[in-house]
1. Give the angle, between 0 and 90 degrees and rounded to the nearest 10, that separates the Cα long axis of helix 138-150 from the longest principal axis of the Cα atoms of the chain.
2. Counting only helical runs of four or more DSSP H residues, what would the 222 nm mean residue ellipticity of the chain come to if each run contributes -39,500 (n - 2.57) and the total is spread over all its residues?
3. Which is the longest run of the chain containing none of the trypsin sites (Lys or Arg not before Pro) found in DSSP loop states (not H, G, I, E, B) with at most 15 other C-beta atoms within 10 Å?
4. Got a sec? Charge dipole of the chain, +1 on Cβ for Lys and Arg, -1 for Asp and Glu; which of ALA199, ILE156, TRP181 is way out at the positive end?
5. How large is the convex hull of the C-alpha atoms of segment 85-207 per residue, in Å³?
6. Could you give the length gained on full extension between SER66 and VAL206, defined as 0.36 nm per residue of separation minus the Cα-Cα distance, in nm?
7. How much area per residue is accessible in the chain when the probe is 1.4 Å and only protein heavy atoms are counted (Å²)?
8. Could you tell me how many degrees, from 0 to 90 and to the nearest 10, lie between the Cα long axis of helix 168-185 and the main elongation axis, the longest principal axis, of the Cα atoms of the chain?
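The values are calculated or read from the model by the stated rules, or taken from the named source; none is laboratory data. Because the structure is a prediction, the values reported are computed rather than measured. Cβ placement follows ideal geometry from the backbone for every residue including glycine, while neighbour counts extend to all protein chains displayed. Ligands, DNA and RNA are stripped out before the accessible areas are found, and what is left, the full protein with its side chains, is counted by its heavy atoms. Shrake-Rupley method; radii C 1.70, N 1.55, O 1.52, S 1.80 Å.
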Amino acid sequence: MRHATVRPLVELREASRRFKSGTLALRDISLSVDAGEFVTLLGPSGCGKSTVLRMVAGLDSPTAGSVHAPALTTDKHSTAFVFQEATLMPWASVFDNVWLPLRLQGLSKRESKSRVFAALKSVGLEDFAYSFPSQLSGGMRMRASITRALINDPQILLMDEPFGALDDFTRQKLNDDLLRWQQERAVATLFVTHNIAEAVFLSQRVL
């Protein structure tokens, strides 16, 4: 009896991306990410890593080849994106920043309160729920940003050099925490870095 083949959660098949300027950002890239897998894209600046993430997120499209990803086939909440900067709303508290994805789904603050506080507690920010981003350290802001990304329990987490601007001590602590959060939630993660040690420490596969 033949078993049905399970398609990867994310799959690029000979994908290329040429910009209107003529710049060829990617050429014939094929890769896959399975459900729950942690995969890192490693390479120097300008080699097309972020372009891959943007295509997986549905923010860009290949000019040749194909991309299969949750953002292109299911609801938009199935994919979460964390950038190098924390991108928190400076006028909103940590609670309100983390609540935002739930609010966009129509959940009130009262309905979301226990869920948001549980998420903040899991990253050690429950005592800073009503602080503003300007009152937090860089590492704490990144924790809040990751918590906001995970609050919807996405199928895949896309991370574009999220720890690149942090000092080595904070970066290593967040690497440890990221592995724990990722394993607890079994969320597939596609992580971009140019740090070889970070890639090897975090990943099941490095591309």
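1. Tilt of helix 138-150: around 70 degrees.
2. Working: 7 runs with 75 residues, N = 207.
So the helix-based figure for the chain works out to -11000 deg cm²/dmol.
3. Numbers: sites that count: ARG2, LYS20.
In short, 21-207.
4. ILE156
5. Numbers: hull volume 12.8 nm³, N = 123.
Convex hull volume per residue, Cα atoms: 104 Å³.
6. Details: separation 140, 0.36 × 140 = 50.40 nm, distance 2.13 nm.
That pair, SER66 and VAL206, stretches by 48.3 nm at full extension.
7. On the way: 10940 Å² over 207 residues.
The answer is 53 Å² per residue.
8. Between the helix axis and the principal axis of the chain, the angle is about 80 degrees.
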